[in-house]
Every structure is written in C-alpha cells, then in structure tokens.
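**Q** Could you have a look at this structure, given as structure tokens, before my questions?
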Amino acid sequence: MKGAELLVSALESEGVERIFGVPGEENLDVVESLRRSKIELILTRHEQAAAFMAATHGRLTGKPGVCLTTLGPGALNLTTGAAYALLGAMPMVMITGQKGILSRKQARFQVVDIVSTMVPLTKMAQQIVSLATIPSIVREAFRIAQQERPGPVHLELPEDIAAEEGPDLPLVKAHPIELPIAHPAALDRAAGMIRRAARPLIMLGAAASRPHLADALSEFVHRVGIPFFNTQMGKGAVTGQSRLYMGTAALSARDYVHEAVDRADLIIAIGHDTVEKPPFLMGPEGPAVLHIGYLPATVEEIFFPHAEVVGDVGPSLALLADRLEGTLPNASALLPLRDRILAHVADRATESRFPLTPQRIVNDVRQVVPEDGIVCLDNGMYKIWFARNYRTCVPNTLLLDNALATMGAGLPSAMMAALHYPQRRVLAVCGDGGFLMNSQEMETAVRLRLNLVVLILQDNALGMIRWKQASDGFPDYGMTFGNPDFVAYANAYGAKGWRVESADGLAPALEEAFQEGGLHVVSVPVDYSENMRVLVDELQSRTSAQEGK
Ligand SMILES: Cc1ncc(C[n+]2csc(CCOP(=O)(O)OP(=O)(O)O)c2C)c(N)n1
Ligand SMILES: [Mg+2]
C-alpha cells in the first residue's frame, strides 16, 4: 500500500465524505487514491474557497472538513481560510503536498516552508515523514481539530512519502470521548451568584452555536426563565422567537439591547469567545460576569469574568438548572425592557425607499427564507444590520464571521451549506466588494448543481469602511469603485442574474429565484445613509439623552 492510499483510508475511517481543493502534481498519488475511494473530490477555483468550504463543513457538523492543495502557492492560498477556522473555532484538516524530502530533484522550485507558515494559524501543523506514522498522525489531527476549542490543523504530505510503498498498516479508530462536567463546587458557587442577582441576564456567545448544543441551551434558558441576548455568532442558539429574547449585540455599546446589559447586575455569559467583536465592554464598575464554557475564559481588558463554570456545557447547564429551577424570584426583572428594545430595532423595516434601506433588505430576506433556511453573510456593513435585525429561529441559520471577519467567505460558506442541506433554502448575502473576492466560485456552484441564491448589495463602495471614515470625521476618499453588470456576469457563468429595480421588487425576485432552483444572483442597490442616521446619530442622541437624565 502506498502512503497516499494509507492516508485516504485513514480519512475514510474518519468519516470524510468530501475533500475540497485544487491539487497540484505533488498530490497526484493522493488524487489517484481518492479516485478509488468513497470520498468525493470537489474542485474549487481558488484554494481560499476550498478552505472556507471545509471550515464551514466543520462549523455545521462539528466534524472536521477537509481541504487539499499543492505545495507553495496553493498552500499559501489556504492561509486566510486557516485563520478563519482558527478564530471562528471551526474544525478543519488541511492537507498540502510538498516536494520529496528524501531527494531534491527540482532543487528549491516552489518550495516554501508551509509548516512554519501554518504554525500560528493552526492548532497543529506537521509534516508526515514516514508512511508508518500516517494512521496515528491522521487520528491525532482529527482529534485536535475537533476537540474544544475546535480549529484547523495542517498536514503536509511530501510526494515521495505519498508514493512510498509499505505494508498494510492498521488504522487508529476514533472512539467517543465524553468531556468532564463542571465541578459541583463551581455549580454551587454559580447558583449562589444567580440566586443573589437582582437583575440577571444571559448572554449566548459563539460557542453556544456548536452543533448539538441547542436543545440543552433552550432547556436551560426556559427552566431558569432568565431573559437572554446573544452575540453575533451566538445567534440562533436559542430561538429568537422566545419570549425571553432581548436582542443581539451587534455593536459593543449604546445599542438598544445595551439598555438591558447596562441595567443587569449579573451577566451569565454562556460560550462567549473573545475573538468576537465585544458584545459589551466590562469595566471596573458594572455587572458581575459568570463565564460558562467548555474552557476557562480568556482574560481581556474588556472581559474578565468573576466566576466560571467550566466543563461540557450541555450537561453542566442541566445540573445548574436543577439547582436553580423555581428559586429565582428576580429571574425576569429585565424582561419589561424587551418590547421597547425589539420595537426600536424593528423600526422602518418596511419602508419603501429606493435604493432599499438595510432594514428593509433584512426584513424582506426574512420573509422569503423559512425558519430552517440558512443565510450566509460575507463581511461588510450589512453584517451589523443582519446581526441586529434578523430574527433567527433555528441554530446556525445565520452564518456570519465575527471573528476573522474576512471578506470573500460569504459565497463559499453558502455553497457548503447548500451542499450539506440540499432541502433547505440557502442565501448568500455579499457586498459588491466581498462578492468579487471569490465570485469565480459561481462556476463551482453551477458545476455542483447547487440550489443557491446570492444577494449582492450594491453601493459601488467599500461601504463599511466608507461609513467608518465618515463617522470618524475623515473626508470621503478612496472607497468607491465600479462594478461589472452583475446580471450579465451571473449569466456568463450559467447562473441567472436578477436586478432589483424597486423597493417592492426584492422579495418577489428572491422568491422566484428560490422556486426556480439552481444558482441565482440578485443585485439590489442599497441606501447606506441609514448607517449614519441610526447607528451613529440615533444611538448617540439616545444615550446622551439618557446620560443627561
Ligand atoms: C479580506 C478583507 N479585506 C479587507 C477587509 C476590511 N473591510 C471590512 S468591510 C470592508 C468593505 C466591504 O465592502 P463590501 O463588500 O462592498 O460591503 P459593504 O460594506 O459595501 O456593504 C472592508 C474593506 C476585510 N474585512 N477583509
Ligand atoms: Mg459595497
């Protein structure tokens, strides 16, 4: 058996069904082994997209997604995807080729030290130096990628090790590993803090969105009856339709949801990960914070919890609820703020201005995307609006990246969601900047016959940066660009392009696109003057009025 065959059988034994990538000549033994395996090789048109797709597989399933590239240039194109998975805690295994290590027939041609490049971007980066170690290295790679806190790992397989003949070695099989549950002393201490709180508030953070945690979280929230808000990446972990939902912290301060945060005397932060743009800022004054997570909290200038419950989150929360249920007279102290907060956030959601307001776009998307439909965001100004205004009902149905916050991941992450959930509606929402960073993947989406709609918000600018520039008092400079005709561009790929030309045209266009199936690109002009009006002027005047009171 060749090294490559052993690698591929080890991947099969890990349950891998698809590998995304762009191979090079150093991978040809692996490609040949894949051809003869049950694993499907999915070519993307850029390695970055392969990494975004593999990471999103990990995010959606909890099992590492796998991507494959050649050495040097191909491997370097994985770096942004590696960082996306590292900051976003998405399990992923990246396999890259390399020239032979036993002889150098091409000197240093295309040779870059990829393992060293990957060290700061991964949980583990390792070159495979002998066939004998493949079974254990692959198992170790998957174990490390998957275990809390999940993330990417990198394996480099030199072409001579891939081609090396050896005996049929036994694989190392995976087995279930149950995590320890929080210590009773920690649970007692946490229960005491919660019982003593006059105005408790739960915050669901990024780790709350881990697959399979939703039921335990919902159960906890409903058993204790404490209102909750979420961070951007914690959205959907407990349904936004819950009577206890207080909103999403898309900004770090001053938004309507912060009325509740500022009044709370205890914040129970479940699964908060400080890679996220802060949902609120801790200072010397302010509420006590209880961290509940798989791992201890990282200590930051603006997040330094006062107590912790560390362990498998679901079962630990069940034990905490056992201690608390029925003993919390103050549980719903902050709930009276809810209606006002949510009403403010929903303001102007149906305004018929053209170009469309971000609020109207969010509103219309929600109309055509069913509860289990998935909206995948790229990065731009609209992310704040979607995080803040879009109400999610099912976990992991608003996939956004509030960690690396990279442009270019919207389309590939939506392609992965469409591949994994062929029965659900999937929508990518991209700016005209971010979309063009990976728009070549439309070819991949058409080739894979994905049912997918891409919504492009057109402002002919790097809107987010233009907004920051203006709100920081800089003159408007350097942020605008031209665009291709998106309809013609989509049609050229064999997708179908749509142009929204009136405020009432968006929802029907999206609906028709979903009904037709296949790949659709809907371009809609957006009016970003709302960014300044709401996110700066309105929130600023509200807080100064409050401070003046
Ligand atoms: C790869 C990458 N480059 C640059 C940035 C910085 N950045 C954040 S948002 C943004 C503008 C995005 O423009 P667009 O995609 O058109 O969305 P808009 O804000 O206009 O809606 C930029 C340049 C980033 N986050 N990622
Ligand atoms: Mg733009």
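**Q** Just from its helices, what would the mean residue ellipticity at 222 nm be for the chain, if runs of 4 or more DSSP H residues each count -39500 (n - 2.57) and the sum is divided by every residue, rounded to the nearest 500 deg cm²/dmol?
**A** That comes out to -10500 deg cm²/dmol.
**Q** Any idea what the relative contact order of the chain is, in percent, if you count C-alpha pairs under 8 Å spaced at least 6 apart?
**A** After rounding, I find 12 percent.
**Q** Which longest uninterrupted range of the chain lacks any chymotrypsin sites (Phe, Trp or Tyr not before Pro) assigned by DSSP to a loop state (not H, G, I, E or B) and surrounded by at most 14 other Cβ atoms within 10 Å?
**A** Excluding the exposed sites themselves, the longest stretch runs over 110-476.
**Q** Go ahead and collect, in residue order, the members of segment 221-265 whose backbone nitrogen is under 15 Å from a label point 7 Å along the Cα-Cβ direction of residue 347.
**A** Taking a point 7 Å out along Cα→Cβ of residue 347, the residues of segment 221-265 whose backbone N falls under 15 Å are 254-259.
**Q** Quick query: amide H of residue 182 versus all other amide H atoms, modeled in the peptide plane; which residues come in under 5 Å with a sequence gap of 5 or more or a different chain?
**A** Here 312, 316 satisfy the definition.
**Q** Show me, bin by bin at 5 Å from 0, the whole-percent P(r) of segment 230-301 based on Cα pairs.
**A** For segment 230-301, the binned pair fractions read 3, 15, 26, 30, 19, 6, 1 percent.
**Q** To continue, here is another question. Carbon and sulfur together cover what percent of the accessible area of the chain at a 1.4 Å probe radius?
**A** The value for the chain is 53 percent carbon and sulfur by accessible area.
**Q** Using a probe radius of 1.4 Å on heavy atoms only, what accessible surface per residue do you get for segment 446-536? Whole Å² is fine.
**A** Here the per-residue accessible area is 47 Å².
**Q** On average, how much accessible surface per residue is there in segment 1-98, in Å², for a 1.4 Å probe, leaving out ligands, DNA and RNA?
**A** Result: 29 Å² per residue.
**Q** Expressed as a rounded percentage, what relative contact order does segment 391-549 have, with Cα pairs under 8 Å and six or more residues apart?
**A** 22 percent
**Q** Find the relative contact order for segment 1-94 and round it to a whole percent, using C-alpha pairs within less than 8 Å whose residues are 6+ positions apart.
**A** 30 percent
**Q** How about residue 2: which lysines have a C-alpha closer than 27 Å to its C-alpha, ignoring those fewer than 8 places off in the same chain?
**A** Leaving aside lysines fewer than 8 places away in the same chain, those within reach of residue 2 are 38, 63, 99, 105, 173.
**Q** Can you give the Rg and Dmax of the chain based on its C-alpha atoms, in angstrom?
**A** Using the Cα atoms of the chain, the pair Rg, Dmax is 24.3, 79 Å.
**Q** A follow-up question, please. By DSSP, what percent of the beta bridges with both residues in the chain are antiparallel, rounded to the nearest 5?
**A** Just about 5 percent of them are antiparallel.
**Q** Under a straight-distance cross-link criterion of Cα-Cα below 15 Å, which aspartates and glutamates are reachable from residue 277, leaving out those fewer than 8 residues away in the same chain?
**A** The qualifying aspartates and glutamates are 255, 300, 301, 401.
**Q** Also: Using only the Cα atoms of segment 333-388, build the gyration tensor, take square roots of its eigenvalues as a ≥ b ≥ c, and label the shape rounded, prolate or oblate: rounded if a/c is under 1.5, else prolate if a/b is larger than b/c, else oblate.
**A** It comes out prolate by the Cα gyration axes.
**Q** Report the percentage of all Cα-Cα pairs in segment 140-197 whose separation exceeds 16 Å, rounded to a whole percent.
**A** Beyond 16 Å sits 71 percent of the P(r) for segment 140-197.
**Q** Can I ask one more? For segment 105-262, report the accessible area per residue in Å² (1.4 Å probe, heavy atoms, rounded to an integer).
**A** 42 Å²
**Q** Please report the equivalent ellipsoid semi-axes of segment 78-143, computed as sqrt(5 x eigenvalue) of the Cα gyration tensor, largest first, in whole Å.
**A** 23, 17, 7
The values are calculated or read from the model by the stated rules, or taken from the named source; none is laboratory data. Worth saying up front: this structure is predicted, and the values here are computed from it rather than measured. Neighbour counts run over all protein chains shown; Cβ positions are idealised from the backbone, glycine included. Side chains are part of the model used for accessible areas, which takes the heavy atoms of the whole protein and leaves out ligands, DNA and RNA. Shrake-Rupley method; radii C 1.70, N 1.55, O 1.52, S 1.80 Å.
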